[in-house]
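K.L.:
Structure provided below as structure tokens; questions to follow.
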């Protein structure tokens, strides 16, 4: 049986093991993440109270967001410049203290659409007109808060998401948030998988297929782990079984610094390799367990893990890399895990 509706309907259907159907206008990866959030919230809501509200006492947690900067506590004020927020100008604990889920994505328009969709599903008492861009004072990012869910854009590439994450993590730290789950929902290029597949990342790797993020700090290269929360990936993967109209899999995600040459594409302004060499590289990536390519996952994994955030990425493959020469082997079927060879 397929049903749709807000949290009250979804909570009751989850108790009866019924499936949930969302409108096709909502992106596939957004549907999966929404089901995960609703299930997570339903598991802590009492059965007699299935309506969701912004209740700061709904959750009890002890895993606080932390920072790795000894200088922050000695600062008179911490200005989150690119978010248009600050510790003196805003009451961050009052504004954000109940945040439990943070969803980030590249496009401002899509993160606004996701926020409006979450508002509808949570059936909050305020109107959609009350949902304002918290970062409206800057044109760098957008941010919307819907109950315990924060929806934020991060732009494209490692530098852009890195700046946003520094200030987002400090925001959550100053707001004294605990037990926060952060999920990147985005688009990517698929490797050897069915077009339109959704990839849930269990490990973010660099262009050498290594689970690491190399950051140049002053004149040193600092290497950080990019391990993601595999348990969280499994939980979200299980939620994908509620929706059967697109393939979903768990696999490695490769993060590059460039959209064109860095991803083996042949259609950029520059191309310094042959078609055959590019295809060989992608085949080796596939054999290493990589199923998609994007430009944010390594720094996302490295920073979130260091600061106590449970994290993963959920990406829909909207284009195939070197689509005209498919890789050997059959594409994965719905709800299958990508083998790591």
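K.L.:
Take region 284-302 and flag every residue that is touching a helix residue (DSSP H, G or I) at 6+ places or on another chain (Cβ under 6 Å) and surrounded by fewer than 24 Cβ atoms within 10 Å (Cβ to Cβ).
P.N.:
The answer is 299, and nothing else.
K.L.:
Ok, one more. Would you check if residue 238 is assigned to a loop (DSSP other than H, G, I, E, B), farther than 23 Å from residue 159 by Cβ and within 24 Å of the chain's Cα centre (by Cα)? Walk me through it before giving the result.
P.N.:
Working: assigned to a loop (DSSP other than H, G, I, E, B): no; farther than 23 Å from residue 159 by Cβ: yes; within 24 Å of the chain's Cα centre (by Cα): yes.
Against the criterion (assigned to a loop (DSSP other than H, G, I, E, B), farther than 23 Å from residue 159 by Cβ and within 24 Å of the chain's Cα centre (by Cα)), residue 238 does not qualify.
K.L.:
Right, another one. Do you know which of the residues in region 109-121 that are surrounded by 20 or more Cβ atoms within 10 Å (Cβ to Cβ) and in contact with a strand residue (DSSP E or B) (Cβ under 7 Å, 6 or more places away or on another chain) is nearest to residue 30 (Cα to Cα)?
P.N.:
114
K.L.:
Residue 154 fails exactly one of the following numbered conditions: (1) more than 14 Å from the chain's Cα centre (by Cα); (2) more than 18 Å from residue 98 (Cα to Cα). What is the number of that condition?
P.N.:
If we test residue 154 against (1) more than 14 Å from the chain's Cα centre (by Cα); (2) more than 18 Å from residue 98 (Cα to Cα), just (1) comes out false.
K.L.:
Can you name the residue in region 215-232 that is surrounded by fewer than 15 Cβ atoms within 10 Å (Cβ to Cβ), at pLDDT 95 or above and in contact with a strand residue (DSSP E or B) (Cβ under 6 Å, 6 or more places away or on another chain) and is also farthest from residue 183 (Cα to Cα) among such residues?
P.N.:
Once the filter is applied, the top-ranked residue is 221.
K.L.:
Taking residue 228 and the conditions (1) touching a helix residue (DSSP H, G or I) at 6+ places or on another chain (Cβ under 7 Å); (2) under 30 Å from residue 274 (Cα atoms), which numbered condition does it fall short on, given that it satisfies the others?
P.N.:
If we test residue 228 against (1) touching a helix residue (DSSP H, G or I) at 6+ places or on another chain (Cβ under 7 Å); (2) under 30 Å from residue 274 (Cα atoms), just (2) comes out false.
K.L.:
Counting only residues that are part of a helix (DSSP H, G or I) and modelled with pLDDT of 85 or more, how many does region 107-129 have? Talk me through it step by step, then tell me what you get.
P.N.:
From region 107-129, those part of a helix (DSSP H, G or I) are 108-122, 128-129; that's our starting set.
From what is left, the residues that are modelled with pLDDT of 85 or more are 108-122.
Of the residues in region 107-129, 15 are part of a helix (DSSP H, G or I) and modelled with pLDDT of 85 or more.
K.L.:
If residue 147 satisfies every condition in (1) at pLDDT below 95; (2) closer than 22 Å to residue 206 by Cβ but one, which is the exception?
P.N.:
Among (1) at pLDDT below 95; (2) closer than 22 Å to residue 206 by Cβ, the lone unmet condition for residue 147 is (2).
K.L.:
Quick check on my filter: what residues within region 66-106 are free of Cβ contacts under 8 Å to residues at least 12 places away in the same chain, out of contact with any strand residue (DSSP E or B) (no Cβ under 7 Å at 6 or more places or on another chain) and either part of a strand (DSSP E or B) or surrounded by 17 or more Cβ atoms within 10 Å (Cβ to Cβ) (or both)?
P.N.:
90
Okay, residues lined up against (1) in a strand (DSSP E or B); (2) touching a residue at least 40 places away in the same chain (Cβ under 8 Å); (3) within 26 Å of residue 246 (Cα to Cα):
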residue: 136; (1), (2), (3): no, yes, no
residue: 176; (1), (2), (3): no, yes, no
residue: 185; (1), (2), (3): yes, yes, yes
residue: 192; (1), (2), (3): no, yes, yes
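The values are calculated or read from the model by the stated rules, or taken from the named source; none is laboratory data. It should be emphasised that the depicted structure is a prediction, and the values quoted were computed from it without experimental measurement. So basically every Cβ, Gly included, is an ideal-geometry build from the backbone, and we count neighbours across all protein chains shown.
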